[in-house]
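The values are calculated or read from the model by the stated rules, or taken from the named source; none is laboratory data. Note that the structure is a prediction, hence the values are computed from the model and not measured. So basically every Cβ, Gly included, is an ideal-geometry build from the backbone, and we count neighbours across all protein chains shown.
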Ligand code: KG4
Ligand code: ZN
């Protein structure tokens, strides 16, 4: 069974082909057009998707060494994401399904981030907790089965990826800032500066305060030393990143203890963060069984859409041609 997966929720145009659950190709075209703006410009993103989707899909089919008539079903990201971007993938997938008379499968992007863990063994057994951390979401998800998943904690304001990207913008680090903050932090002192951790009830998060604290901290220090950021970039990034990751782990540890679940997975773009990955491995030495996806399955990709599509196909979860893109799922 060949599934073609299409992903266009934000600023990556991606296509992937899977065969009976194994990934044969995984093509991602990242849009660099947003870089000068310090964030994704929605109108530019949808135009770039329109421009790239045919060639990206063509490459994915070609690299899988199949013909388009071999494809059994097409899965696509229905949401959440930027509506204009989602529309491109949704319309393309509907047209493809109609032309080839094959089933259509509408995939939830956040669910796909979680089920990216099932692409390669060893996958977590149910139940497990998944910390899903991306540019738009920060969630603790209780995964009881493929069809029974509950968001038990979420951010009340900024996502943690946004806290990385906005901090980078303040420091004039190009978008997306997360990977560069991660890189600078590797040779910095995480204990040099202190930033606040928001104390929010239950398993929820808040990241807007820490970002504002960073803004004021930099404003005060650059007032007396114009080169403060340049001279201390490594320590600032390490200290700020340490605060973000400690915040994530505090609630994850609370949820794990309260629910008695020690199987812990991470997913989404921020799951690529080397400090988060290292901190989790320390927790694994204590009592957690940790599941960390390959880097290419953390940031946005279509392999996770093809694979979740495959799992949905096995569950008979199909969409019809009236299906629409949804900015919020
Ligand atoms: O899942 P993703 O690719 O797209 C969304 O669905 O949002 O996540 C993108 C986010 C961005 O905020 C980016 O800065 C962050 O993931 N990110 C990282 C790292 N790699 C990507 N954040 C911290 N450290 C990284 N190494
Ligand atoms: Zn994502």
(request) From (1) modelled with pLDDT under 95; (2) touching a helix residue (DSSP H, G or I) at 6+ places or on another chain (Cβ under 6 Å); (3) within 16 Å of ligand 2 (Cβ to nearest atom), pick out the condition that doesn't hold for residue 77. (result) (1)
(request) Could you tell me whether any residue of segment 37-50 is in a helix (DSSP H, G or I), away from ligand 2 (no atom under 14 Å from the Cβ) and at pLDDT below 95? (result) yes
(request) For residues that are in a helix (DSSP H, G or I) and within 23 Å of residue 277 (Cβ to Cβ), scanning just segment 181-212, find the one that is nearest to ligand 1 (Cβ to nearest atom). (result) 182
(request) Collect the residues in segment 66-96 that are part of a loop (DSSP other than H, G, I, E, B) and closer than 13 Å to residue 8 by Cβ, keeping them in residue-number order. (result) 80, 81, 82
(message) If a residue must be under 15 Å from residue 248 (Cβ atoms) and out of contact with any strand residue (DSSP E or B) (no Cβ under 9 Å at 6 or more places or on another chain), how many such residues does segment 121-166 contain?
(response) 2
(request) Working carefully through the options 71, 66, find the one that is away from ligand 1 (no atom under 15 Å from the Cβ), in contact (Cβ under 8 Å) with a residue 24 or more places away in the chain, crowded, with 18+ Cβ neighbours inside 10 Å and over 17 Å from residue 136 (Cβ atoms). (result) 71
(message) Among the residues of segment 273-306, what is the count of those that are more than 26 Å from residue 184 (Cα to Cα), within 12 Å of ligand 2 (Cβ to nearest atom) and either assigned to a loop (DSSP other than H, G, I, E, B) or at pLDDT below 95 (or both)?
(response) 1
(request) Report yes if residue 161 is at negative phi, within 13 Å of ligand 2 (Cβ to nearest atom), in a loop (DSSP other than H, G, I, E, B) and crowded, with 20+ Cβ neighbours inside 10 Å, otherwise no. (result) no
(message) I'd like the full set of residues that are more than 22 Å from the chain's Cα centre (by Cα) and surrounded by 16 or more Cβ atoms within 10 Å (Cβ to Cβ), limited to segment 263-282.
(response) none
(message) Here is a check on your reading of the model: is residue 200 within 17 Å of residue 255 (Cα to Cα), surrounded by fewer than 23 Cβ atoms within 10 Å (Cβ to Cβ), more than 20 Å from the chain's Cα centre (by Cα) and more than 16 Å from ligand 2 (Cβ to nearest atom)?
(response) yes
(message) Condition first: over 18 Å from residue 276 (Cα atoms) and within 16 Å of ligand 2 (Cβ to nearest atom). Now tell me which residues in segment 164-180 satisfy that.
(response) 175
(request) Please state which one of 119, 71, 53, 102 is more than 16 Å from ligand 2 (Cβ to nearest atom), touching a helix residue (DSSP H, G or I) at 6+ places or on another chain (Cβ under 6 Å) and closer than 17 Å to residue 4 by Cα. (result) 53
(message) Going through 259, 249 one at a time, which residue ends up being over 22 Å from residue 118 (Cα atoms), surrounded by 14 or more Cβ atoms within 10 Å (Cβ to Cβ) and within 16 Å of ligand 1 (Cβ to nearest atom)?
(response) 249
(message) Looking at (1) touching a helix residue (DSSP H, G or I) at 6+ places or on another chain (Cβ under 9 Å); (2) within 16 Å of ligand 1 (Cβ to nearest atom), which one does residue 35 not meet, given that it meets all the others?
(response) (1)
(request) Working only within segment 122-141, note down all residues that are within 13 Å of ligand 2 (Cβ to nearest atom) and farther than 18 Å from residue 280 by Cβ. (result) 135, 136, 137
(message) Consider segment 81-107. How many of its residues are within 18 Å of the chain's Cα centre (by Cα) and surrounded by fewer than 20 Cβ atoms within 10 Å (Cβ to Cβ)?
(response) 1
(request) Report yes if residue 234 is closer than 19 Å to residue 171 by Cβ and surrounded by fewer than 19 Cβ atoms within 10 Å (Cβ to Cβ), otherwise no. (result) yes
(request) State the number of residues belonging to segment 307-329 that are within 16 Å of ligand 1 (Cβ to nearest atom) and either surrounded by fewer than 23 Cβ atoms within 10 Å (Cβ to Cβ) or not in a loop (DSSP other than H, G, I, E, B) (or both). (result) 6
